[in-house]
Amino acid sequence: MEPQSKVRSCVPSVALVINFASSDAKQTAARIPLLGKFEMPTTWVIEEPRQSKMLADRMLARAGHELALTVEARSPQRLRSELANFQSAVQDASGQKLSVVVGDPQQLRSRTALLADLGIGAVVSGVQPSGPAKPPRLLPCGLWQFDPTMNIPQPRHRWSWLTARRPTLKNLLAAETSCNQKVLAFDLGRMNSRELHGCERLLQEIAEAAGRRQLQVETVSKLAAELASRREVKPQRSILRRAA
């Protein structure tokens, strides 16, 4: 029988990232119970502190949920000031600490030292991918970049809606990322009724697979912490091999 830690490392991990954008906050809030009934850890993306209070009242009291902040590559001084003020406001409103941001990784790459200094450990790409999903990548200063493996609703093109497939767990896990860590990003507020039904079925599939221990549902910060711990272990192994 294999050690439990080895078996655990072979099980895919899925992070659920929900966009709680201001323009759709009311619509999204009405659909929060859809997530609540599955009781899975979730990373909620917000844009302003009052949204954290709304989520705290509805979801964040449950174990496993976290907040992420949408940011732009402003001047270092302005970004530091705004992010620090935002972190303080969110902490007061919900008791949550921010360790994940969402934005354009290319623009934020030059701000990684500042982000790390403020306790940020992961950047989720908010840019629509132009090709296949890529595995998590290490940024300067120890931050990790995560590109969504699947976006729901999927981008609507003029002709694609006729042939669009319902998102399934099989499609999510089969995505070519050369990694067992998947990020499912979706926007409850922008889904039509058909897409919402497909989302519910996908979440049901994920919850059932997690119940059978065929996958793990984690927050983005948990995925980043796991990647960081694996990276720290590698030099120790190489030293042991040389000593032998």
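The values are calculated or read from the model by the stated rules, or taken from the named source; none is laboratory data. Please read these numbers as outputs of a predicted model, since none were measured by experiment. With ideal geometry, Cβ positions are generated from the backbone for all residues, glycine too; neighbour counts draw on all protein chains shown.
Set side by side, the residues Glu82, Glu72, Glu47, Glu66 differ, and just one is modelled with pLDDT of 80 or more, closer than 17 Å to Leu115 by Cα and within 16 Å of the chain's Cα centre (by Cα), which is Glu47. Condition first: without any contact (Cβ under 8 Å) to a residue 24 or more places away in the chain and either within 15 Å of Glu39 (Cβ to Cβ) or not in a helix (DSSP H, G or I) (or both). Now tell me which residues in the range 186-234 satisfy that. Matches in the range 186-234: Glu208, Gly211, Arg212. Out of curiosity, is Leu60 modelled with pLDDT under 85, crowded, with 20+ Cβ neighbours inside 10 Å, farther than 24 Å from Leu172 by Cβ and not hydroxyl-bearing (Ser, Thr, Tyr)? Yes.
Quick one: is Gly103 closer than 23 Å to Pro136 by Cβ and surrounded by 16 or more Cβ atoms within 10 Å (Cβ to Cβ)? Here the answer is yes, as Gly103 does meet what is asked.
What single numbered condition from (1) modelled with pLDDT of 90 or more; (2) outside any loop (DSSP other than H, G, I, E, B) fails to hold for Leu35? Of the numbered conditions (1) modelled with pLDDT of 90 or more; (2) outside any loop (DSSP other than H, G, I, E, B), the odd one out for Leu35 is (1). Applying the condition of being at pLDDT below 85 and within 21 Å of the chain's Cα centre (by Cα) to the range 85-96 and asking which residue is nearest to Glu47 (Cα to Cα) yields Val90.
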